[in-house]
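Here's the structure, in structure tokens; my notes come after.
No lab work stands behind these numbers, since they all come straight from the coordinates. If you're wondering where the values come from, they're calculated on a predicted model, not measured in any experiment. Ideal geometry is used to build each Cβ from the backbone, glycine not excepted, and the neighbour counts take in all protein chains shown.
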Amino acid sequence: MRRSGVYIVNEPKQEDSEALTAGNGSPDHVFLNKMEEEGDDVQNVLTEEETLPVEASTPKKKKEKKKRLPSVYRSALIKLVCGVYALIIIVLGLVFSIASSLTAEERVHKYYLEAFLVYLYVLSLGIVIYFQLFLLSGVKVKTNYFEPNIRVTVKQDGSASVQKSPTASPYPGRITENNHEEKSSLTEDVERNGDQLSVGSYHSHFEMPPVGGVAHVGEGINFYLRLGALAFAFGSVTLDGLNIATYFETQMTETCESQIFILVYALHLLFTFVQTFFLFKNHKLVIDKSKPIVRFGMMHLMATNICVVIVTIITETAEDYRFDSFAALNITSGLVKSCYEEVTLARSASPYLFPCTIIYSIIAAGIIYRLYQYIGKRVKQRWPSHTSLTSSVPAGATSIDCEKANKGLFLGMLIAVVTLIAIATFFVFESRIKDTSTAIKILFTTEIVLMVITSIGIIWGYVRLAKLKFLQNMFFSVDSVLLLVALSGSFIYLFFTLISVCSITQSFDSVVIINLVTIILSVCQITVQTVFILDGLCRCSKNDDQCAAKPGRAVVTFLLICNLALWCVSMFEVKKTKVLWFHDEFYGKLAWNIITHHCVPTVIFFRFHSAICLSKIWYNAYQKEKAS
């Protein structure tokens, strides 16, 4: 029965209880089915005052049908133009950076690369500011678009019913005295007859955002991935700050740097900060207005981040190669005046911080592409389930505890402490004692032990997680795509190093052997771990018993901490390659610089993102599948 937007639902019949027991539906599904049987439209709950007459709505529908076909072509044309524009931007970034790095003279500034980067950063800043101040003006970040006025009661005999919450109102924000009187009479009538009452929220939407609107209802990005983007953004802006400080650090800045180099670094710093704020806050954004402008803006932001990756890799490779060439020339022919004569703080920190810029830009491009996919889409909202409505935890809140994970947590912390001690010992032997052979053996031994332990943990974890339910539709996600990208770069780097190590036959000493073992174990470990993570991202609990038992959670915790330890080791990969002489000898300085600067950031990102994906498995795998 329907009375002014209020639905009265009787006690569940026997067939409804059987459907619930068999798992064919939840109490709210039974509630919706009852309303549909009565001829009500669940997705458009309108009062009598707001119901449009048929004569008024018919011409509007005809106009919409006439406009639908041209809008498809218009949308496709806009997407094509934006895609071509992004391709041109990426190609220009590649060409300008290579042309700037391949000049015969040491430092020649024609300003085309700098001017291009200024254009990218300024327009990107303008786009993000437009999104934040104009497009999202007045839009609040909400995790639930349903009013909290529906309650589902599960009785002792197993039956379920939908009830009205004491604070529920069918007309939020504009309740009159008549409404209060009508609600009170209905409530009394229902309580007297023993029926259960449920109120459909007046402001609830089943498809968001509304036509021509904006809402935060898209597929969210993992919190830890966003937190990692924040950390890498911090490393990137730190490097920008050090580069700006070189203006005051050395007297050769005016002759060695372009006139606008401070402007370029300052704009990149500002762009990174503003973009990080926007993505961290609006990662669930779905936009259905100003779609041509929004598509262009998203494509420009994505192309800008890809250009930052390309320019950073190429320029850092050229700078390192020229610095090494200057050092070699200075040793053989005496002092030579050069821009690389003074070692600045930025140049010293660059091998450790430039991967932060690359990894941050890769993550940002992935998040922006996900936002681009949701432009112009309407996301269907699920009716609230009885578990979320009767739970004492507030809507949108998550409770995180270390239940069934304590053993893995403390064992992982032990491994992490040993790893940090090994890294510190490596630097003591390499820098102070000047015993590079012992230093590299310590670091390789640490990696081998970590590889073996994590491989055993992965096999045991797969056996435990195989008991959980597998969701095939969850296989391709942003996390899995980013992990496969990082895996590809790791494979390229490991196979390049494997070729150079195997080519050394004349001096097959202990360092070469231990390096070879490390490479082979690394290839096997990252392969097995990727399969385990991609499988684990698609797992969820079948029933309440698995939710309580949490099979394999301790192993997942242990692997998470081990990957963080391997991430710390991989941060010094560039330093490690400088100690090993045979890679430079086999490939040459320029080729080896290109390989390391292209691949080492992906190796670092693989370890970091593996920990992010394991954290997602740690939480999601031990919850039941959400009803669609």
Exercise. Hey, what's the Cα Rg ratio for segment 227-273 versus the globular rule of thumb, 2.2 N^0.38 Å?
Worked result: 1.27
Exercise. Amide H neighbours of Val379 under 5 Å, counting only residues 5+ apart in sequence or on other chains, H built in-plane at 1.01 Å?
Worked result: Met208
Exercise. Any idea what log10 I(q)/I(0) is at q = 0.10, 0.14 Å⁻¹ for segment 492-625, Debye with uniform C-alpha scatterers and no solvent?
Worked result: -0.43, -0.71
Problem set entry | Mean Cβ count within 10 Å, highest first, over the residues of peptides 352-359, 84-91, 441-448 | 352-359, 441-448, 84-91
Problem set entry | Inverse of mean 1/r across different Cα pairs in segment 247-292, Kirkwood, Å | 13.8
Exercise. Short version: ³J(HN,Hα) in whole Hz for each residue of segment 408-414, in order, from phi by Karplus 6.51 cos²θ - 1.76 cosθ + 1.60 (θ = phi - 60°), x for Gly and Pro, what are they?
Worked result: x, 5, 6, 5, x, 5, 4
Problem set entry | Kirkwood estimate for segment 444-490, i.e. one over the average of 1/r between Cα atoms, Å | 13.1
